[in-house]
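The structure appears right after this line, and notes come after that.
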Ligand SMILES: [Zn+2]
Ligand SMILES: [Zn+2]
């Protein structure tokens with residue numbers, strides 16, 4: 001059963017305020033009817049649509065043989081498939097950065113609802129949803145895990161028959177910000193960065209299909225490390241969904 005969250009209370013308060021106060025677009029602050037983005041900002045985002053790599057979700061200029069991109073043929077990810085709803089660019093950053101770094105929990109339902117179509121498709125085959133965890137020092141500083149807030153909304157609002165298990169996986173290595181690091185350095189940083197919260201509860205994931213949720217994918221090193229940890233602990237399959245990826 002999903003755990004109650006701070007944002008649920010804020011969402012309820014926002015609902016009450018919206019009855020008396022006009023709502024604004026979180027990107028440009030213009031007034032909008034209801035909640036969400038204004039039409040201009042909506043059109044500024046770049047959704048990832050076909051053709052894309054069937055393995056990692058990377059957008060492709062044209063359909064390719066086997067529908068898998070060259071990097072995936074050389075070194076496949078441990079999570080498969082990986083899907084991303086949007087490209088990571090200035091427009092999507094306008095939602096992600098305040099959500100992640102400025103306590104804008106009111107943006108969680110907007111971003112999560114934009115991930116919902118991909119989530120519904122991936123959740124059909126999955127048993128358990130696990131958000132990519134934060135290290136406890138970062139969690140204490142931020143007071144919430146942005147990936148868990150997205151996952152919680154998706155599980156509740158898409159009414160999917162899937163277990164939500166934000167406590168199963170923990171991050172044991174506090175990694176510094178990885179902005180600007182190469183793919184190899186990122187891989188080194190997150191190697192062995194995760195473990196099951198309670199190894200004695202391995203049976204909970206035995207042969208299960210786990211769906212990982214994260215906000216952003218840059219090189220895929222973090223998702224790969226989570227997937228490797230889960231597969232080594234006995235999970236049957238791991239797939240992943242992110243809001244935006246670097247392309
Ligand atoms: Zn706008
Ligand atoms: Zn690929």
Scan of the range 58-101 for residues that are in a loop (DSSP other than H, G, I, E, B) and within 16 Å of ligand 1 (Cβ to nearest atom), ordered by number: 89
Of all residues making up the range 79-95, the number that are surrounded by fewer than 18 Cβ atoms within 10 Å (Cβ to Cβ) and either more than 20 Å from residue 223 (Cβ to Cβ) or touching a helix residue (DSSP H, G or I) at 6+ places or on another chain (Cβ under 6 Å) (or both): 1
Hits in the range 60-83 - residues which are near ligand 2 (Cβ under 10 Å from one of its atoms) and touching a strand residue (DSSP E or B) at 6+ places or on another chain (Cβ under 9 Å): 60, 67, 69, 77, 80, 81, 82
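Residue by residue, here is whether (1) modelled with pLDDT of 90 or more; (2) within 15 Å of residue 82 (Cα to Cα) holds:
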residue: 115; (1), (2): yes, yes
residue: 121; (1), (2): yes, yes
residue: 155; (1), (2): yes, no
residue: 191; (1), (2): no, no
residue: 196; (1), (2): yes, no
residue: 202; (1), (2): no, no
residue: 215; (1), (2): yes, yes
residue: 220; (1), (2): yes, yes
Condition check for residue 92: more than 16 Å from ligand 2 (Cβ to nearest atom), in contact with a strand residue (DSSP E or B) (Cβ under 8 Å, 6 or more places away or on another chain) and under 24 Å from residue 179 (Cα atoms): yes
Residue 3 surrounded by 14 or more Cβ atoms within 10 Å (Cβ to Cβ) and at pLDDT below 90: no
Given (1) out of contact with any helix residue (DSSP H, G or I) (no Cβ under 9 Å at 6 or more places or on another chain); (2) at pLDDT below 90; (3) within 16 Å of ligand 1 (Cβ to nearest atom), number of the condition residue 20 does not satisfy: (3)
Cross-chain or 6+ apart pairs with Cβ under 7 Å, the range 35-54 first and free of Cβ contacts under 8 Å to residues at least 60 places away in the same chain, then part of a strand (DSSP E or B) and within 10 Å of ligand 1 (Cβ to nearest atom): 38/32
Close pairs from the range 62-83: first free of Cβ contacts under 8 Å to residues at least 60 places away in the same chain, partner outside any loop (DSSP other than H, G, I, E, B) and within 9 Å of ligand 2 (Cβ to nearest atom), Cβ under 9 Å, at least 6 apart: 64/70; 66/73; 67/52; 69/52
Matching residues in the range 44-57 - criterion: being at pLDDT 95 or above, more than 15 Å from ligand 2 (Cβ to nearest atom) and in a loop (DSSP other than H, G, I, E, B): 45, 46
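The values are calculated or read from the model by the stated rules, or taken from the named source; none is laboratory data. Values in this document were obtained by computation on a predicted structure and should not be read as measured data. Methodologically, a virtual Cβ is constructed for each residue, glycine included, from the backbone with ideal geometry; neighbour enumeration extends over all protein chains shown.
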